[in-house]
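Reading through the structure tokens given below for one structure.
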Amino acid sequence: MLDLLKDFGPTLAGLLALLWAGRRVSTSAVWKEEAAAWEHRANRLIIELEDVKRELVKMEGYSQALVRLLTSIDPEKLEELRNRGL
């Protein structure tokens, strides 16, 4: 039960706030505000995803540098890694 509240608590709270606001303000205004909030959240998630993609590119670069370093130290070790699928 607590897991459900943890997972869906913010959504439930938002829904209750939406219902309460709907009683005080016209429904269309509430839904416009809700749509704007979702748009803001989507834009924030897009920015976070772009950050993750940049970090992934950096990590791939580091990985390639490590492979080059490993190759210069022990070429047989690199072949062993390739055979293991790494």
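Bear in mind these aren't lab numbers, they're just calculated from the coordinates by the rules spelled out. The model shown is predicted, which means the values in this text are computed figures rather than measured ones. Glycine also receives a Cβ, built like all others from the backbone with ideal geometry; neighbour counts cover every protein chain displayed.
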- Task: Inspect region 40-48 for any residue being under 18 Å from Pro10 (Cβ atoms), part of a helix (DSSP H, G or I) and either touching a residue at least 12 places away in the same chain (Cβ under 8 Å) or touching a strand residue (DSSP E or B) at 6+ places or on another chain (Cβ under 9 Å) (or both) and give the result as yes or no.
- Result: no
- State whether the residues of region 59-73 include one that is part of a helix (DSSP H, G or I) and of a type in the set (Asp, Glu). yes
